[in-house]
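Here the structure is laid out as structure tokens; the discussion comes afterwards.
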Amino acid sequence: MRLNNSYFFTLREDAKDEDSVSSNLLVRAGFIKKSSSGVYMILPMGWKVLQKIEAIIRDEMNKTGCQELLMPALIPEDVYVASGRRAGFGNSMFSLKDRKGQPYVLGPTHEELFAIAAKMQIRSYKDMPFSLYQMQTKFRDEPRPRYGLIRVREFIMKDAYTFDKDEHDCDIAYQKQFNAYKNIMDRLHLNYKIVRADTGVMGGLLSEEFQAVTPLGEDILVLCDDCGFASNIEVAPCVPEKEEDDGTRETLTKEETPNSRTIEEVAEHFHKSAKKFVKTLIYNVDGKAVAVMVRGDRDVNETKLRKLLNANEVELADPTMVEDATGAEVGFAGPINIKCSVYADEEVKYMHNFIVGANETGYHYSGVNNEDFKVEAYADLRNIADGDICPQCGKKVHFAHGIEVGNTFKLGTKYSKALNLQYLDQNNQLQYVWMGSYGIGPARAMAALAEQNADDNGINWPKDLAPYQAAIVIISMKKEEQVKAAEDIYEKLTAKGYDVILDNRDVRPGVKFKDMDLVGIPYRITVGRGVSEGKVEVKPRTGEKKDIAIEDVLSETDAFFKD
């Protein structure tokens, strides 16, 4: 590409409305431009990188025998009603009506349509296995779009689906896709971890996430270096800390605690550690108040609570719901005589003589034990903490942050039962099809790569993913000798198959150098005064520059890209 008369721009200053390193650099380098909150234009430079990422994904998908197709984005709403997912998506679905008043949605994901398409093929067990995939735009009305391409409302996704006759074959198909995903992540040069995750609105039997490790990441990864345990914090199981029991039981006592609502304030009042307190949080679970108890220094895991109660929506209750359940202001909830169901983290089961709210404004109970109140169930309902015991080996876990760039779901028969996707088995009996679902976000992968490979000068893309492999920079457009030499090199490199920029703009050399570093061109060839001596300067983006003979440019470039 010759830059003169091409669509190419960069920004010298940071983007004012971007909140991450990657989004700032991608905007400054002219890869993307925000058009509205959570919606981005993918500009020519960004499209080049995205196409290279998609080419790798397509290659690995095709190697598994997966066939590509394209589903519509505009989908009748009743498709999601039939599968039972319309309520689960809630306000995150973009919905609209056609001129006849029929309700439609913009597809957030396509399990339902793929199951419907599979019905066209599947009659008997002989019609399986097979797998399908697409590269298609999805829409989700994120309440808080942020971090550029990481949390958006419109995005490209590669989603694939496998169809099998039973769990055994589904496991085989899942492993094939899982291995393809590992190949994709390796070829994208991502620093990533594979973690167990919540199945969420997708449902099914198993979910695993491919997380690009970066401090920006929204997801907290729980890792153990000793045994390799890796999990998203949402589903990481916790080993309860068991308090020693000497058999002593204190007298249950109500005590006035004015102006003491938070754990810190109550701990200061009683002069005890937060570990001797149990906080009772009131949640709105599908419209009903539910009390959840965890040790004072712990946090409730809302994903675990949602799964325990098989709920669609879980959120902290508003003050009115809290007061209705407790009879007190927020900050004094406790399990004794509360007017709603109580669930407790299993760690509470091993606590003795602890302190709770008294369901009376300005009061707490001390000397509380589990026999003093009724619990519907004890369960693992807390977040694991950095430094906690590894549930797999007993050593200590540590946290990292990650950007979810891919996920794999073993769906089982969830969607085939909802949409009546059946087949006749060897005994001529009807059975439900087993499905798997597999997603990758190419634009998220691009953002994760930019985040992981950012440096002081721009984005240090991997050689095979940069928008262009090499840049030929002409020092002076007024020197015909330099222009001609640059054009000759450009023609030779492009004829050899290299993706090359010829920077023939009439701007200062320093501007050209900064631009090429900002957009992340791996290899720069500078054509300047040395041309009169038959030489040009070559420089890897992060390496040292050197002068070489013009006739050696092709061999030097070959050597660089073979490393």
Scan region 518-563 for residues that are in a loop (DSSP other than H, G, I, E, B) and open to solvent by 30 Å² or more (accessible area, probe 1.4 Å) and report the count. 4
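For every residue, the table says whether it meets (1) among the aromatic types (Phe, Trp, Tyr); (2) over 30 Å from Arg28 (Cα atoms); (3) without any contact (Cβ under 8 Å) to a residue 12 or more places away in the chain; (4) touching a Lys or Arg at 6+ places or on another chain (Cβ under 8 Å).
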residue	(1), (2), (3), (4)
Lys119	no, yes, no, no
Tyr125	yes, yes, no, yes
Phe139	yes, no, no, yes
Pro145	no, no, no, yes
Met157	no, no, no, yes
Tyr161	yes, yes, no, no
Lys165	no, yes, no, no
Asn179	no, yes, yes, no
Met185	no, no, no, no
Quick one: would you say Tyr133 is in contact (Cβ under 8 Å) with a residue 60 or more places away in the chain, open to solvent by less than 10 Å² (accessible area, probe 1.4 Å) and either farther than 23 Å from Glu60 by Cα or touching a helix residue (DSSP H, G or I) at 6+ places or on another chain (Cβ under 8 Å) (or both)? yes
Only one of Glu54, Glu18 is touching a helix residue (DSSP H, G or I) at 6+ places or on another chain (Cβ under 8 Å), assigned to a helix (DSSP H, G or I) and of a type in the set (Asp, Glu). Can you tell me which? Glu54
In region 507-517, residue surrounded by the most Cβ atoms within 10 Å (Cβ to Cβ) [restricted to those that are over 36 Å from the mean Cα position of the chain (by Cα) and part of a helix (DSSP H, G or I)]: Pro509
In this structure, does Gly90 turn out to be assigned to a helix (DSSP H, G or I) and at positive phi? yes
From the list Val81, Val105, exactly one residue is without any contact (Cβ under 8 Å) to a residue 60 or more places away in the chain, under 20 Å from Lys414 (Cβ atoms) and either open to solvent by 40 Å² or more (accessible area, probe 1.4 Å) or in contact with a Gly (Cβ under 8 Å, 6 or more places away or on another chain) (or both). Which is it? Val81
Sort out which residues of region 477-493 are in a helix (DSSP H, G or I) and closer than 14 Å to Leu3 by Cβ, and write them in order of number. Val483, Ala486, Glu487, Tyr490
Suppose the filter is surrounded by fewer than 21 Cβ atoms within 10 Å (Cβ to Cβ), on the phi < 0 side of the Ramachandran plot and aromatic (Phe, Trp, Tyr); does Phe277 pass it? no
Restricting region 307-320 to residues that are more than 21 Å from Glu265 (Cβ to Cβ) and in contact with a strand residue (DSSP E or B) (Cβ under 8 Å, 6 or more places away or on another chain), which is surrounded by the fewest Cβ atoms within 10 Å (Cβ to Cβ)? Glu315
Within region 214-247, which residues are among the acidic types (Asp, Glu) and open to solvent by 50 Å² or more (accessible area, probe 1.4 Å)? Glu218, Asp225, Asp226, Glu234, Glu241, Glu243, Glu244, Asp245, Asp246
If you go through region 218-232 one residue at a time, do you hit one that is over 30 Å from Lys52 (Cα atoms), assigned to a strand (DSSP E or B) and in contact (Cβ under 8 Å) with a residue 40 or more places away in the chain? yes
Residue among Met71, Met61, Met45 that is modelled with pLDDT of 95 or more, of a type outside the set (Asp, Glu), open to solvent by less than 40 Å² (accessible area, probe 1.4 Å) and in a loop (DSSP other than H, G, I, E, B): Met71
Take residues that are open to solvent by less than 20 Å² (accessible area, probe 1.4 Å) and tell me which of the strands (runs of 3 or more DSSP E) falling wholly in region 411-476 contain 3 or more. 434-440, 470-474
Pick from Ala274, Ala333: which is under 36 Å from the mean Cα position of the chain (by Cα), of a type in the set (A, V, I, L, M, F, W, C), under 17 Å from Val368 (Cα atoms) and at pLDDT below 95? Ala274
Going by what's in this entry, would Leu113 be described as closer than 26 Å to Leu430 by Cα and open to solvent by 10 Å² or more (accessible area, probe 1.4 Å)? yes
Selection within region 31-45 - among the small types (Gly, Ala, Ser) and in contact with a Pro (Cβ under 8 Å, 6 or more places away or on another chain): Ser37, Gly38
Restricting to region 40-94, and then to whatever is of a type in the set (Lys, Arg) and under 21 Å from the mean Cα position of the chain (by Cα), can you tell me which residue is farthest from Leu106 (Cα to Cα)? Lys52
Looking at region 344-359, can you tell me whether even one residue there is of a type in the set (Ser, Thr, Tyr) and assigned to a strand (DSSP E or B)? no
Which of the residues that make up region 1-27 are of a type outside the set (A, V, I, L, M, F, W, C), closer than 15 Å to Leu518 by Cβ and open to solvent by less than 40 Å² (accessible area, probe 1.4 Å)? Thr10, Glu18, Ser22, Ser23, Asn24
Residues of region 338-363 satisfying the condition of being more than 41 Å from the chain's Cα centre (by Cα) and either closer than 18 Å to Asp297 by Cα or free of Cβ contacts under 8 Å to residues at least 24 places away in the same chain (or both): Asn353
Return yes or no: is Leu493 of a type in the set (A, V, I, L, M), within 37 Å of the chain's Cα centre (by Cα) and at pLDDT 95 or above? no
I'd like the residue in region 290-306 that is among the aliphatic types (A, V, I, L, M) and in contact with an Asp or Glu (Cβ under 7 Å, 6 or more places away or on another chain) and, out of all such residues, is surrounded by the most Cβ atoms within 10 Å (Cβ to Cβ). Met293
Provide a single number: the residues in region 377-410 that are part of a strand (DSSP E or B) and open to solvent by 50 Å² or more (accessible area, probe 1.4 Å). 6
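The values are calculated or read from the model by the stated rules, or taken from the named source; none is laboratory data. What you see is a predicted model; the values in this text were computed from it and never measured. Positions of Cβ are backbone-derived with ideal geometry, glycine not excepted, and every protein chain shown enters the neighbour counts. Ligands, DNA and RNA are excluded from the accessible area calculation, which covers all protein heavy atoms including side chains. Shrake-Rupley method; radii C 1.70, N 1.55, O 1.52, S 1.80 Å.
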